[in-house]
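The structure under discussion appears below in the form of structure tokens.
Where a number appears in this text, it was derived from the coordinates with a stated rule and is not lab data. If you're wondering where the values come from, they're calculated on a predicted model, not measured in any experiment. Heads up, the Cβs are rebuilt from the backbone with ideal geometry, glycines too, and the neighbour counts pull from every protein chain shown.
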Amino acid sequence: MDILKVKTPWLVKKTFRSYVWNIPSKEKVIYLTFDDGPTPEITEKVLDILAQYEAKATFFCVGKNVAANPIIYQRIINEDHAIGNHTYNHLKGWKNDNATYINDIEKTQEVLNSKLTTYNSKLFRPPYGKLKPSQGKALQKRAYKIILWDVLARDWDNTISKESVLNNIINNTENGSIVVLHDSIKASKNMLYALPKTLEYFSKKGFIFKKIELH
């Protein structure tokens, strides 16, 4: 089944119902998420934009990028955004045996938690949205919450325009949606165009932007 469509099909959500695809709320809430950072300059620009709108988000960090950019990672924490695990080496679950994959995630967890003084994040998003069912079960036994998405902005796709990325978000996001963006070099042009316009558009409609908090 294809989970790389802009709007995740209901059948996919039903089939993998133990994963988190959206977070229903009585409030008008949107959950912005950013994968692949922290990345110098780009993640910092994201944080600046979020601060302008008093918006919170969730950053699914690659372990090696956290190790290379600890000051940026600390800023994400200091500004009260949520942290998630995105493996240490951006591994694709389907192409790795379970032991290799889980060890890579646990290595990341140690790096992430070394800076988290008030809580230990157990949010996890698989790179490419791909992991084996056996890997998912193993992670859930370790108390990880596997976070997928409701809306995939496709900001990394350089074959589509920045306006199309914005429209992907605006036309598919609703109350409780988890939206995927990327604070990466590849996605930066599209993402940095779409992000402020997304915040402005939905703020005017009375939405607030929250970080993911699941216990």
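Points worth noting:
- In summary, the lysines within cross-link reach of residue 204, defined as a Cα separation below 19 angstrom excluding same-chain residues under 8 places away, comprise 26, 28, 56.
- Considering only beta bridges that DSSP places wholly inside the chain, some 10 percent are antiparallel.
- Ranked packing of 90-97, 151-158, 52-59, most packed first, by mean Cβ within 10 Å: 151-158, 52-59, 90-97
- Basic side chains Lys and Arg get +1 at the Cβ, acidic Asp and Glu get -1 at the Cβ, and with that the dipole of the stretch 77-215 about its Cα centre reaches some 320 debye.
- 14 Å cut-off, amide nitrogen to a point 7 angstrom out along residue 54 Cα→Cβ, residues in the stretch 182-215: 203-204, 206-210
- As a calculated quantity, the FRET efficiency between residue 18 and residue 110 at R0 = 22 Å, using C-beta atoms, amounts to about 0.30.
- Take the Cα of residue 208, go 7 Å toward its beta carbon, and the backbone nitrogen atoms of the stretch 63-99 under 16 Å from that spot belong to 80-82.
- Take every Cα pair under 8 Å whose residues are at least 6 apart in sequence, average their separation, divide by the length of the chain, and the relative contact order is 32 percent.
- 13 Å reach of a label modelled at residue 162, 7 Å along Cα-to-Cβ, counting backbone N of the stretch 177-195: 187-195
- Förster radius 22 Å - calculated FRET efficiency between residue 26 and residue 90, Cβ distance, rounded to 0.05: 0.05
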